[in-house]
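Colleague: Before I ask anything, let me first share the structure, which is written out below as structure tokens.
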């Protein structure tokens with residue numbers, strides 16, 4: 001797990017909460033004039049239609065494990081027309097509670113979560129009829145890369161998913177990690193990012209399609225955060241108070257009521273030389289709204305010196321969602337498509353509901 005990224009998100013979520021309220025209320029902003037998210041990996045789309053799965057792979061690899069792009073494509077039900085926005089969001093939640101509903105790469109279809117990562121991430125999308133540039137910059141300033149659905153080029157209505165990772169207002173530019181991997185006659189930087197003018201970006205982001213009816217669409221996946229603190233000595237015979245602060249992040253502009261988590265618990269794993277004075281290793285938290293934080297505490301007794309020991313806390317919860325039907329609905333259309341496995345066939349893009357386990361596991365060295 002990229003611990004530095006997770007810690008940065010926690011700090012900046014608090015900072016940006018107040019900064020975002022300021023510019024939302026009176027049009028002012030305390031955002032930096034420029035910002036570039038560092039260490040965003042590049043992954044090239046493996047087919048001409050897989051910009052969506054490749055963009056999701058970039059976010060997965062940024063936050064933690066690199067997930068196989070074919071497996072992502074199957075979960076996101078990508079096909080020869082691309083990937084719908086609803087399926088992009090659903091792929092972020094995907095966990096060991098689920099099996100893939102796609103059929104593009106059946107041999108790569110995950111049956112119980114991604115093998116590289118059994119837990120799902122937080123996954124939100126947002127779209128608007130207006131150019132939400134200030135809010136998007138706020139996400140970037142928090143080191144949160146955002147997948148955008150855009151035109152392939154400003155004057156080309158072909159759809160394309162890109163990951164925006166930076167901006168520079170003074171130079172009038174934005175920076176993308178583009179899974180297509182071609183610069184379209186634009187500047188390709190030494191770090192692999194591609195530079196667009198803000199004007200071209202604003203034009204190309206003005207796009208609808210793939211189930212979204214609003215012009216400016218974006219999505220994020222990101223982890224929960226768990227901050228572990230200890231209070232007390234680590235010598236033999238001492239009692240150590242271990243506190244875990246668990247946050248279900250929900251930065252603006254996302255709908256924090258969309259994916260509430262239930263069945264939440266936090267479980268501590270101790271080395272053999274330690275044991276709980278009372279209570280249970282697993283604490284039942286119950287319910288957590290996106291955007292909320294909860295704190296849990298364990299009192300631990302040390303039989304021997306605990307220096308250099310590792311304590312781990314795992315926090316998880318269940319979220320549910322629905323992917324709507326996309327395709328032909330009439331009996332006439334279904335009869336015409338009988339026997340065909342086409343992109344528009346309702347059998348391929350049928351509606352379904354899912355429940356996934358999302359969360360995170362973090363450790364602290366004493």
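No lab work stands behind these numbers, since they all come straight from the coordinates. These numbers come from a predicted model, not from an experiment. Heads up, the Cβs are rebuilt from the backbone with ideal geometry, glycines too, and the neighbour counts pull from every protein chain shown.
Colleague: Give the calculated FRET efficiency between residue 277 and residue 65 to the nearest 0.05, with a Förster radius of 35 Å applied to their Cβ-Cβ distance.
Modeller: 0.50
Colleague: How long is the gain from residue 129 to residue 263 if the chain were fully straight, where each residue apart is worth 0.36 nm and the alpha carbon distance is subtracted?
Modeller: Using 0.36 nm per residue and subtracting the Cα-Cα distance, I get 44.6 nm.
Colleague: Would you mind getting me the FRET efficiency between residue 203 and residue 171? Use the beta-carbon distance for r and R0 = 22 Å, nearest 0.05.
Modeller: In this case the efficiency is close to 0.80.
Colleague: Let me have the relative contact order for region 81-171, percent, based on Cα pairs under 8 Å that are six or more residues apart.
Modeller: Rounded, it is 19 percent for region 81-171.
Colleague: Here is a further query. Set the Förster distance to 25 Å, then compute FRET efficiency between residue 230 and residue 39 from the Cβ-Cβ distance, nearest 0.05.
Modeller: Computed FRET efficiency for residue 230 and residue 39 comes out at 0.30.
Colleague: With a 10 Å radius around each residue's Cβ, average the other Cβ atoms per peptide and rank 78-84, 159-165, 62-68, highest first.
Modeller: Top of the packing list down: 159-165, 78-84, 62-68.
Colleague: For the residue pair residue 187 and residue 303, what label-to-label distance in nm results when each label sits 7 Å from Cα along the Cα-to-beta-carbon direction?
Modeller: Going by the 7 Å Cα→Cβ label model, 6.2 nm.
Colleague: If you count, for each residue, the other Cβ atoms within 10 Å and average over each peptide, how do 32-40, 113-121 line up from highest to lowest?
Modeller: Taking the mean over residues of other Cβ atoms within 10 Å, the ranking is 113-121, 32-40.
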